[in-house]
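Presented below is the structure to which this report refers.
The values are calculated or read from the model by the stated rules, or taken from the named source; none is laboratory data. Fair warning: this is a prediction, and the values are worked out from it, not measured in the lab. Reconstructed Cβ throughout: ideal geometry from the backbone, glycine too, with neighbour counts over all protein chains shown.
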Ligand SMILES: Cc1cc2nc3c(=O)[nH]c(=O)nc-3n(C[C@H](O)[C@H](O)[C@H](O)COP(=O)(O)OP(=O)(O)OC[C@H]3O[C@@H](n4cnc5c(N)ncnc54)[C@H](O)[C@@H]3O)c2cc1C
């Protein structure tokens, strides 16, 4: 059955979709926001909400500090631990009393961003709507079809924004999906209570031999509770003959240092796996009548695995491109290409630096050497602070600078 026509249909109401819907509504557009799930829904994640995400939350008018009942923890630093055991704590240069990021269970965080978009008068929301295909007129996408309560429905719009995550149905239907294992990470995560957490305001990235170039993480949620997981570039899984769940359990039970911290721990959930399309590759993020945002656009930081900040950010940029397309009344890919240009102008520098750091992590001796040096050299820690914690800042140190101080 064919329904009412909208200006924009956003498929997926995670951080990227809800951000897109909010910013498009603020541009005066009529938006239909669809998700196959019902909120609050969970999303397999490390639950680390970085400074970049906090900045975007501000623009969305959300302040986690003032949301009652929100379970979150302030984060002030990242601790990197080399395979040899050198520890580098990177503070986030925030004034006393301020925080750089938070950890917050995605079930709660995503609902917050979703409800914020839902509040906009010109946003219509349908939950439990599973998009199964795009509607085409010649080579132009003009809407979507899907199932809600077992009934097939169709909606039309001038532009469809695909915010449907790593396994994007829209990308698949338009033959734009890639499964290039050098540019995807696979990760597993669960939650533990009763873990020894030395600093509950620091997220920990442990580079451990068996899972290089990936890392094992402990992201504190409270004094004793943590989101725990590990991730690695997909192509290394067969190369290293890894079973990620076994590796996770092995680290927790047998790692000479970490196992002591998990000695009396209680596993709270089953281990879940998910894939991360990383921005080490520039994917095509537009077509006739379509834009891709968030994970559907493959914007995850290749070194840290952080994707929420860029998901929120890409929603904002999409709204600018959508507004311009309406001004021209042209929804062809020639016009929508502007989105990709705007987005990659902003993100290419940080994504390319993170890709280089990801490649560095492939070499155990380089990691030991770089983190060993960083543990002793404040200049290198400064570089890492800018690159990892504040990658959106324009004044990020160059790779040449890093090499100079490393070699100096
Ligand atoms: C294990 C793991 C750990 C991670 N840790 C972090 C971290 O600590 N910090 C960080 O910043 N990032 C992290 N990430 C990355 C982060 O989870 C993603 O980058 C982020 O969720 C992207 O948001 P999104 O809105 O684009 O996609 P999603 O959050 O995946 O949302 C997509 C939405 O689309 C909906 N959808 C999908 N298909 C359809 C369909 N056919 N019809 C209708 N709706 C549909 C889904 O139900 C979902 O609500 C991690 C990822 C993984 C896998």
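With the condition kept exactly as written, say whether any residue in the range 300-307 is part of a helix (DSSP H, G or I) and not assigned by TED's automatic domain parsing to the domain that holds residue 83. Break it down into steps so the answer makes sense when it comes.
Filtering the range 300-307 for residues part of a helix (DSSP H, G or I) gives none.
Checking the range 300-307: not a single residue is part of a helix (DSSP H, G or I) and not assigned by TED's automatic domain parsing to the domain that holds residue 83.
Could you please let me know if residue 272 is in contact (Cβ under 8 Å) with a residue 24 or more places away in the chain, closer than 19 Å to residue 187 by Cα and away from the ligand (no atom under 16 Å from the Cβ)? Reasoning before the result, please.
Numbers: in contact (Cβ under 8 Å) with a residue 24 or more places away in the chain: yes; closer than 19 Å to residue 187 by Cα: yes; away from the ligand (no atom under 16 Å from the Cβ): no.
Answer is no for this residue.
Residues are listed down the side, and each one gets a yes or a no for (1) modelled with pLDDT under 95; (2) surrounded by fewer than 23 Cβ atoms within 10 Å (Cβ to Cβ); (3) more than 23 Å from residue 18 (Cβ to Cβ):
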{"site": "158", "(1), (2), (3)": "no, yes, no"}
{"site": "162", "(1), (2), (3)": "no, no, no"}
{"site": "167", "(1), (2), (3)": "no, yes, no"}
{"site": "170", "(1), (2), (3)": "no, no, no"}
{"site": "173", "(1), (2), (3)": "no, yes, no"}
{"site": "179", "(1), (2), (3)": "yes, yes, yes"}
{"site": "186", "(1), (2), (3)": "no, yes, yes"}
{"site": "193", "(1), (2), (3)": "no, yes, yes"}
{"site": "213", "(1), (2), (3)": "yes, yes, yes"}
- [ ] Please state which of the following conditions residue 120 fails to meet, knowing it meets all the rest: (1) more than 11 Å from the ligand (Cβ to nearest atom); (2) modelled with pLDDT of 95 or more; (3) in contact with a strand residue (DSSP E or B) (Cβ under 7 Å, 6 or more places away or on another chain); (4) part of a loop (DSSP other than H, G, I, E, B).
- [x] (3)
Task: Conditions (1) over 25 Å from residue 359 (Cα atoms); (2) surrounded by fewer than 20 Cβ atoms within 10 Å (Cβ to Cβ); number of the one not met by residue 284 - done: (1)
Open item on the list: Looking only at the range 5-18, filter to residues that are within 8 Å of the ligand (Cβ to nearest atom) and not in a loop (DSSP other than H, G, I, E, B); which one of those is farthest from residue 329 (Cα to Cα)?
Closed with: 15
TODO: Please state which of the following conditions residue 265 fails to meet, knowing it meets all the rest: (1) outside the structural domain of residue 141 (by TED's automatic domain parsing); (2) away from the ligand (no atom under 13 Å from the Cβ); (3) over 15 Å from residue 189 (Cβ atoms).
DONE: (3)
Open item on the list: Restricting to the range 129-144, name every residue that is farther than 23 Å from residue 275 by Cβ, surrounded by fewer than 16 Cβ atoms within 10 Å (Cβ to Cβ) and free of Cβ contacts under 8 Å to residues at least 40 places away in the same chain.
Closed with: 136, 137, 138
Open item on the list: Residues that are closer than 21 Å to residue 172 by Cα and in contact (Cβ under 8 Å) with a residue 24 or more places away in the chain: does the range 319-329 have at least one?
Closed with: no
Task: Selection status of residue 54, more than 9 Å from the ligand (Cβ to nearest atom), touching a helix residue (DSSP H, G or I) at 6+ places or on another chain (Cβ under 8 Å) and either over 12 Å from residue 164 (Cβ atoms) or not in a helix (DSSP H, G or I) (or both) - done: yes
Open item on the list: Let me spell it out: the conditions are (1) at pLDDT below 95; (2) within 8 Å of the ligand (Cβ to nearest atom), and residue 303 meets all of them except one. Which number is the exception?
Closed with: (2)
- [ ] Just one of (1) surrounded by 18 or more Cβ atoms within 10 Å (Cβ to Cβ); (2) more than 8 Å from the ligand (Cβ to nearest atom); (3) not assigned by TED's automatic domain parsing to the domain that holds residue 212 trips up residue 81, so point out which.
- [x] (3)
